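A.B. asks: Would you mind keeping the following structure in view while I ask a few things?
Derivation of every value follows stated rules applied to the coordinates shown; laboratory data play no part. On a predicted model such as this, the values are computed, not experimentally measured, just so you know. Every residue, glycine as well, gets a Cβ built from its backbone with ideal geometry; the counts of neighbours run over all protein chains shown.
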Amino acid sequence: MEEIRSFIAIELPPEMKLTLARLQNRLKSGSRAPVKWVDPESVHLTLKFLGNINAELTGRITAALEESSRGIHPFSLKIGGLGVFPSAGRVRVVWVGLTGETEKLGQLQKRIDDGLAPLGFKGELRPFAPHLTLARVREQAGPDERQALGRLVAGTAMEASGSTNVNALHLMRSQLTRSGPIYTQISSVILK
């Protein structure tokens, strides 16, 4: 029985990835903190992380996605503000938020969460916070480096460009390698 590490995501268009790459370059030039930058080509909007699943479940997951997305029409999202998790004083993750039709996005995410419950996937306990991860601070980063990065993020202005029309969901496979994760599409569901 083959197991695959997987998640459900929305892919981003090349123009949005280019905007994120430019933003990362601006942040990199001002940061000394030990940070793992996410390859802009790999950035995506995760709707649900599934973890390691039995490969035979992919058809049932895709069917659940089709049912969950029924009646949700394509919608648009835009790049929003720049932020950090959990706080500016203890930065672990640097992210870009999303604006636009976020109510539809939240509704879709909730329906996916509920639709996958019968297959044994636990519901999310935390509220859904749509974001695109740009960087993860490495464990060896000290408090001063984390705080400096928090100040840098707070003082960095966002470009007003970068939007996408969301018209599909993707079940993705994630293969972890030394040079970073490799993502491949397993299946797609079109929003009609």
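A.B. asks: Between S87 and E103, what is 0.36 nm times their sequence separation minus the Cα-Cα distance? Round to one decimal in nm.
C.D. replies: Between S87 and E103, full extension yields an extra 3.3 nm.
A.B. asks: Can you give me the relative contact order of region 3-190 as a percent, contacts being Cα pairs under 8 Å and 6 or more apart?
C.D. replies: With pairs under 8 Å counted, the relative contact order is 34 percent.
A.B. asks: How about region 112-186: which trypsin sites (Lys or Arg not before Pro) there are in a DSSP loop, with at most 13 other Cβ atoms within 10 Å of their Cβ?
C.D. replies: K122, R138, R178
A.B. asks: Would you mind checking the pairs K28/K122; K36/K104; K110/K192; K28/K110; K28/K192 and listing those with alpha carbons more than 29 angstrom apart?
C.D. replies: Values: K28/K122 36 Å; K36/K104 31 Å; K110/K192 18 Å; K28/K110 35 Å; K28/K192 40 Å.
Checking Cα-Cα distances, K28/K122; K36/K104; K28/K110; K28/K192 exceed 29 Å.
A.B. asks: Counting residues in region 117-187 as N, plug N into 2.2 N^0.38 Å and put the Cα Rg over that result.
C.D. replies: 1.56
A.B. asks: Report the gain in length on full extension from L176 to Q140: 0.36 nm times residue separation, minus Cα-Cα distance, nm rounded to one decimal.
C.D. replies: Extra length available between L176 and Q140 comes to 10.9 nm.
A.B. asks: Which aspartates and glutamates have a Cα lying under 12 Å from the Cα of K17, excluding residues fewer than 8 positions away in the same chain?
C.D. replies: Counting by Cα, and skipping residues close in sequence, K17 has these aspartates and glutamates nearby: D39, E41.
A.B. asks: Say each of T184 and S76 gets a label point 7 Å from the Cα, pointing the same way as Cα to Cβ; how far apart are those two points in nm?
C.D. replies: Result for the modelled spin labels: 3.5 nm.
A.B. asks: When V93, V166 are ordered from fewest to most other Cβ atoms inside 10 Å of their Cβ, what list results?
C.D. replies: V93, V166
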